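Coordinate-derived values only; no laboratory data. The shown structure was predicted, so the numbers you read here are calculated from the model rather than taken from an experiment. Don't worry about glycine lacking a Cβ; one is built from the backbone with ideal geometry, like all the others, and counts go over all protein chains shown.
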Amino acid sequence: MKKFFVILLPIIFSAFLFACADAEEKNYNLYNLKLAYDNENNLLSGEMIFDYYNYTGETLNDICFHLYPNAFRENSSQSVVSLANYNRAYYDGKCYGDINILSSNKDFDFIGNDENILRLNLENPLNINEQITLKIEFECVLPKINHRYGVGENTINFGNVYPVLCVYENGGWDTNGYNSNGDPFYSEMANYDVQILFNNNYKIASTGEIENEYIEGENRIVNIKANNVRDFVFVLSDKFEIVTAQFDETTIKYFYYQDENPNQSLNTSVLALKTFTELFGDYPYSTLSIVEASFVHGGMEYPNLVLISDSLNSYDIYTTVIIHEIAHQWWYGIVGNDQYNYAFLDEGLAEFSTALFYEKNSNYNTTRSEITLRNQSNYNVFQKVYKDVLGSVDTSFIRSLDDFNNEQEYVYTTYVKAYLMHDSLYELLGEKKYIKCLKEYYNLCKYKTATPTLLIKAFEKGSGKNLENFFYSWFEGDVIIN
Ligand SMILES: [Zn+2]
C-alpha cells in the first residue's frame, strides 16, 4: 500500500496420498470460487471449494482461514481506518460489514476477538503430503466505505473477500488479525478458478485472466483463471473507461473514470512494467490492471491488479502511486513477505524502486536524489518531533503492526527509513552491484516468502561483501540519519 496516510453438507471428500513432495513439483492449493454480487443489498454470496495439500511437514488436525471482512464489523477490536481518515473513508456515515460462514463440509469454529479466523476441524488427521478438499459457503455484507473492502463512492472493491488460508509456520497457523496500520496480510502462492456473477451495468477488473463471459438476463457471468498468485481481488464500477497497451506477453489495462490523462497514466504503467522487468526480473503474468478506485489511502497492491486512489492531491502524486504499486508486483507479489511482521521488506523496496524508476526515466519531474533529500529531511523532522514530545523514538524495523504506536511511526519507519536503508546500500555498492543484489533477491525468493535473513543473504551474494552488521544496524534502529 502507499500511504499518505450452518448446515453441514453431506459431502464426503476423500483424501489421498500425494506421491511427490519435491519442492519444485508441489501442487499449489486451488481456490475454486463461485461468487454472486447483489448490488441492491450490497451482498456477496460465495461458495468455495478448496483443494489443500499438506506440505507443512506435520500432521494436521485443523486448517485455518482469515476472515478479513470481520474487521469491518461494528465494535471490532481494530478500527479499519485511523481516526484521521475516518470521515474520508465513511463517506455516508458509519457503516459496517462482515463475512458469515453459512456451511462447511467440516465442523468449524472461530478464533480471535472479531471471529477473524475460521478453523475447520478435521475428523481424521491429515497426514504429511496428503490432499483434502474443503467446502465453505459464505455471505459477505459490504459496508459503504472507500476502502479495499466495501462499496465506495465510485467503485466496489472486493479485496480479501473470501476465506484466505492462513500460513502454517513454526508449528502452527499464523492467525494475526486485522490492523488499521498497513496491509495486514500474509499468504502463499495458490491457483484460482473463479466465477463471478454481477449486474451487467458494471465493468470488472480482476486478478488473472477472463477465460469466458456471457450474459444471463440482467447479469454478466465471468470465469477467471489466475495461477501462481498470493491473493485474488476484483473491482466493479459502472463508471469505468478502459484503455489498454501491450508489453511483451502482458496486456496492461487501465480502468479509470475521472483521470484527465488516461493515456499518460497508461504510458507510465507500461514504462514501470518495462523498467522493473529490466531491473529486477520477469513479470510472469499475462495481465496487469491499474484501477482508479475509491480508496482512502494512496493505493493498494494485489496480484495482477493495483488500486490507485481517485482522491489524491495532484497528478504527480497519482503518477508516483502508480509506480509504487506496480513495484509491489515484484515486492509482495512475486517475492512475498509477511506483511504483518516485516512490512518494511516490501514497502521500503517499493518506495526505493519508485526512485529507481525516476532515475531511469528522466522525463518525469523528479529524481532519486531529490526524493532521498526529501525523505532524509522528513525523517529527521519526524525523529525530532517524537523525541521532543515522547522523550524517545523507536525506529526499529523488526516489529509487528501491533507494535507501532501510531500510523505516523509506522509510515516513517516502514516506508521512509526503509527507503533510506536501500538508498544507503545503493550509494555503498554502486548502481550496478545494487541492481545485481536485487536480481539475486528476486531469484532467491521468487514465488516464496522473503525474510530479513534472505534479504541479507541475497545482498551478500550479489555484492560479495559481508553486510550483516550494515543490515542489523538499520533493523535495530541504531543508525543515525543526519
Ligand atoms: Zn506500498
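Tabulated data
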quantity: 13 Å beta-carbon shell around L305, net charge (K/R +1, D/E -1); calculated: -2
quantity: Dimensionless Rg ratio for the range 166-254, taking C-alpha atoms and the 2.2 N^0.38 Å reference; calculated: 1.37
quantity: Packing-based order for 94-104, 75-85, using average beta carbon neighbours within 10 Å, highest first; calculated: 94-104, 75-85
quantity: Three-way shape label, the range 349-475, alpha-carbon gyration tensor, a/c 1.5; calculated: oblate
quantity: Farthest positive-ward along the range 349-475 dipole, Cα basis, beta-carbon charges - from S392, L420, L454; calculated: L454
quantity: Relative pair counts by distance (%), Cα atoms of the range 81-190, 10 Å bins; calculated: 11, 38, 32, 14, 4
quantity: Charge dipole (debye, nearest 20) of the chain; +1 at Cβ of Lys and Arg, -1 at Cβ of Asp and Glu; calculated: 1060 debye
quantity: All lysines inside 26 Å of K387 as judged from Cα atoms, apart from same-chain residues fewer than 8 positions distant; calculated: K2, K3, K417
quantity: Charged-residue dipole, Cβ positions (Lys, Arg, Asp, Glu), the range 335-472 about Cα centre, Debye nearest 20; calculated: 640 debye
quantity: Charge context of I322, other residues only, Cβ under 12 angstrom, K/R +1, D/E -1; calculated: -4
quantity: The range 98-248, relative contact order in percent, only Cα pairs under 8 angstrom and at least six apart counted; calculated: 19 percent
quantity: Among beta bridges that DSSP assigns inside the chain, antiparallel share in %, nearest 5; calculated: 80 percent
quantity: Global form of the range 226-267, assessed from the alpha-carbon gyration tensor, a/c cut-off 1.5; calculated: oblate
quantity: Cα-based shape type of the range 16-238, given that a ≥ b ≥ c are square roots of the gyration tensor eigenvalues and the cut on a/c is 1.5; calculated: oblate
quantity: Beta bridge orientation in the range 233-349: antiparallel %, DSSP, nearest 5; calculated: 50 percent
quantity: Above-threshold pairs, the threshold being 22 Å between Cα atoms, out of K34/K106; K144/K239; K94/K253; calculated: K94/K253
quantity: Computed helical MRE - 222 nm, the chain, DSSP H runs ≥ 4 contributing -39500 (n - 2.57), nearest 500; calculated: -8500 deg cm²/dmol
quantity: Within the range 16-238: Cβ-based charge dipole about Cα centre, in debye rounded to nearest 20 (Lys, Arg +1; Asp, Glu -1); calculated: 560 debye
quantity: Calculated on alpha-carbon atoms, Rg and Dmax of the chain in Å; calculated: 22.0, 66
quantity: Footprinting exposure proxy for C166, C140 (fewest neighbouring C-beta atoms within 10 Å first); calculated: C166, C140
